[in-house]
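Just so it is clear, none of the values below were taken in a lab; they were calculated from the coordinates. What you see is a predicted model, and the numbers here were worked out from it, not measured in a lab.
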Amino acid sequence: MPKNAQWLLAARPQGIVSPSNFEWRETEVPELAEGQARVRVVYLSLDPTNRIWMEDRESYLPKLELGEVMRGVGGDDPPVPDGTEGTGAARHPPAAPTPERHAAAGD
């Protein structure tokens, strides 16, 4: 079975973000539940807003808890056919099960 590779929040930054704030982990790819689609992530953008989510404060999205998978960026569109390339709002594992409503087709 394929593996997921994940960047986790290991420690809250004190000043500038550093490699010690992250932990790399590989996990088994989970089985899909009803209403989920398998998404293969080929590019992850850790935008500057991740810095806000890494802090111990609330923002427009809940803060990341220690040990949680870092967030990527994406949109919220209807389901797409198998094999469609696009973008989506998901955590970053390369084969993440994602609610179908969070998978957006690309052009």
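Calculate, in nm to one decimal, what L32 and L66 gain on full extension: separation in residues at 0.36 nm each, minus their alpha carbon distance.
Contour length minus the Cα-Cα distance gives 9.7 nm.
Given 0.36 nm per residue, what is the gain on full extension from A5 to L44 after removing their alpha carbon distance, in nm?
Numbers: separation 39, 0.36 × 39 = 14.04 nm, distance 1.17 nm.
Using 0.36 nm per residue and subtracting the Cα-Cα distance, I get 12.9 nm.
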